[in-house]
Amino acid sequence: MRVKKIGTVFFATIIMGLICIAALFGGVQVAHAESPVSGTDGRYNVSYTIGGQSGIGADMIARYMDGTVVVEKIGDNYYASVTQLSSSMEDLSLNLAEGMQVGYRITEDNGSRKTYSYTLSEENLSKALPFSVFVAPRGETFDFTITLDLANATRVGDVEDTTTDRPGEFVPVLSTIAGDEYEAAQGSVFTVPAATATLGDENCEVTVTAYYVRGGERTEVEVVNNQFTLEDAGEYHFVYRAESVQYKSLLGNNTFVEKDVTVTSVVGGGTLAKFEDANGVLGENVSIQAGRVTEGSTLYDTAADKMAEIADNFEVFDVSLINADGSEAVPSDDYTLYLKAKSTFNRNEIVVYHMADDGTLTELSADGYGRYVKFDTDKTGTFIVCIPGVAFVMPMWGWALIAVGVIVITSAAIILVVLTVKRKKRLKNKTDIVENK
């Protein structure tokens, strides 16, 4: 027995010695509790609690979110990484102040996982962080809060990259009708859609630059009066940029926001949209400039709001007609417009709306035309192509009523079983009494 104890002690001593040697040479990094606010620079795993929701809502948010927030501390700068675990969640947004956009970058996006790294001050890091997120299966936007348990955080290592710049705590809010991609004819003059930017009460100047991509190399393209010429076929880009001195990035630069838009220059015109002017309502040498507008832009958000009770399946197009000198061509009467809608859209069911600047919708008579949807209009601007129909989504109170109903039915069944058992027991007792007599 004594030999066995000595062997156990010897073995434990060897293991502890190996651990100490490994730690001494950096082989093992021991995690320990340390608040990122009062602690040293590094990466911290932080648990949190969800507020602003209860019952089914809170359970759903918790199920779709990683249970740990990673906080990186670099000097007086803090970066909180929040990860959603399902593609069913869209448009996760941190809303710290009205009209202010929190600086963030997406560090992971593989379909099922998407991580947002938000820039926060020490003060805001310690507050309940107000989020909103759209949950597609529910068809609803949920507001909730995350409160970090900073006192019980665990330091897990050093920050791996401190040389790449990171956004300021707040960045300008850019507003434009521009989509993410456009098509236009080679040789035409491309007119960049107007854009504005604000940061709180400050109006920020928006600058526009452009470049051409060939073989992975960028060549700067001159932009004059928000226009540039598509001299070659291929891929062009234009970039909006707005900045402010109110906040600084990690490396001390002015806080800024950028939006990069792709323009495909096509020989003989694009395939996304085309037009016919059989009535001669447009001048000569007019070209079409068309873009598909996607999530994340002000224009798309407005269109989605208008479509909320009309259609779940829709696409948003931004269409301009441009004269040879780059000025806007204004139709004096109807011309025929063709838009390349999704291949999954049934051409026999497609409906087209024109959306005015104030959000007013006008339904247009449209027909399928091969890959396109065809219609006559005297307008340019925003067109919405959709398949009418909105799926029914059970509201939260509906699920609550179902839950109550299940409880009532279950309780009634249990009571019935108990009463039946008791009745049988009473009958048996009476029978036993009679037999004993």
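The values are calculated or read from the model by the stated rules, or taken from the named source; none is laboratory data. A quick note: this is a predicted structure, and the numbers were derived from the prediction, not measured. Here the Cβ positions follow ideal geometry from the backbone for every residue, glycine too, while neighbour counts run over all protein chains shown. With ligands, DNA and RNA removed, areas are computed over all heavy atoms of the protein, side chains included. Shrake-Rupley method; radii C 1.70, N 1.55, O 1.52, S 1.80 Å.
Points to keep in mind about this one:
- When GLY179 is tested against (1) assigned to a loop (DSSP other than H, G, I, E, B); (2) under 24 Å from GLY326 (Cα atoms); (3) open to solvent by 30 Å² or more (accessible area, probe 1.4 Å), exactly one condition is not met: (3).
- Selection of the range 125-146 for residues being of a type outside the set (A, V, I, L, M, F, W, C) and open to solvent by 50 Å² or more (accessible area, probe 1.4 Å) yields SER126, LYS127, PRO137, GLU140, THR141, ASP143.
- Whichever residue in the range 164-203 is acidic (Asp, Glu) and under 22 Å from PHE383 (Cα atoms) and, among such residues, is nearest to the chain's Cα centre (by Cα): ASP180
- Those residues of the range 184-205 which are open to solvent by less than 40 Å² (accessible area, probe 1.4 Å) and in a strand (DSSP E or B), in sequence order: ALA184, ALA185, VAL189, PHE190, THR191, ALA195, ALA197, LEU199, CYS204
- Search result, residues across the range 270-283 that are assigned to a loop (DSSP other than H, G, I, E, B), surrounded by fewer than 17 Cβ atoms within 10 Å (Cβ to Cβ) and touching a residue at least 40 places away in the same chain (Cβ under 8 Å): THR271, ALA278, ASN279, VAL281, GLY283
- Conditions (1) over 25 Å from the mean Cα position of the chain (by Cα); (2) at negative phi; (3) open to solvent by less than 40 Å² (accessible area, probe 1.4 Å): number failed by GLY326: (2)
- ARG63 passes every criterion in (1) at pLDDT 90 or above; (2) closer than 21 Å to ASP149 by Cα apart from (1).
- Across the range 303-334, the qualifying residues are those that are at pLDDT 90 or above and among the hydroxyl-bearing types (Ser, Thr, Tyr), and the one among them that is nearest to GLY389 (Cα to Cα) is SER320.
- Qualifying residue in the range 308-318 (condition: touching a helix residue (DSSP H, G or I) at 6+ places or on another chain (Cβ under 6 Å) and over 20 Å from PRO193 (Cβ atoms)): yes
- Checking the range 127-145 against the condition returns a match, with at least one residue being among the β-branched types (Val, Ile, Thr), in contact (Cβ under 8 Å) with a residue 60 or more places away in the chain and out of contact with any helix residue (DSSP H, G or I) (no Cβ under 8 Å at 6 or more places or on another chain).
- Any hit, the range 225-238, residues being over 17 Å from GLU183 (Cα atoms) and either among the hydrophobic types (A, V, I, L, M, F, W, C) or modelled with pLDDT of 95 or more (or both): no
- Just one of (1) open to solvent by 60 Å² or more (accessible area, probe 1.4 Å); (2) over 30 Å from GLN101 (Cα atoms); (3) not acidic (Asp, Glu) fails for GLY234. It is (1).
- Residue check, SER332 of a type in the set (S, T, N, Q), open to solvent by less than 50 Å² (accessible area, probe 1.4 Å), more than 18 Å from ASP357 (Cα to Cα) and in contact (Cβ under 8 Å) with a residue 24 or more places away in the chain: no
- In the range 87-121, the residues that are open to solvent by less than 20 Å² (accessible area, probe 1.4 Å) and not aliphatic (A, V, I, L, M): GLY103, THR115, TYR116, SER117, TYR118, THR119
- For the range 252-269, taking the residues that are modelled with pLDDT under 90 and at negative phi, the one that is surrounded by the fewest Cβ atoms within 10 Å (Cβ to Cβ) is identified as VAL267.
- So TYR353, is it crowded, with 18+ Cβ neighbours inside 10 Å, over 25 Å from THR264 (Cβ atoms) and not β-branched (Val, Ile, Thr): yes
- Failed condition for ASP301, given (1) open to solvent by 80 Å² or more (accessible area, probe 1.4 Å); (2) more than 24 Å from the chain's Cα centre (by Cα); (3) without any contact (Cβ under 8 Å) to a residue 12 or more places away in the chain: (2)
- Residues of the range 250-269 that are basic (Lys, Arg) and part of a loop (DSSP other than H, G, I, E, B): none at all.
This table checks each residue for (1) more than 22 Å from SER188 (Cβ to Cβ); (2) not small (Gly, Ala, Ser).
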| residue | (1), (2) |
| --- | --- |
| SER320 | no, no |
| ALA341 | yes, no |
| THR362 | yes, yes |
| GLY368 | yes, no |
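- When the range 147-166 is filtered for residues that are in contact with a Leu (Cβ under 8 Å, 6 or more places away or on another chain), in a loop (DSSP other than H, G, I, E, B) and surrounded by 16 or more Cβ atoms within 10 Å (Cβ to Cβ), only ARG166 remains.
- Entirely in the range 65-111, the strands (runs of 3 or more DSSP E) that have 1 or more residues that are under 12 Å from the mean Cα position of the chain (by Cα): 77-84, 89-94, 104-109
- Residue list for the range 216-231, filter: open to solvent by less than 80 Å² (accessible area, probe 1.4 Å) and part of a loop (DSSP other than H, G, I, E, B): GLY216, VAL223, ASN226, LEU230
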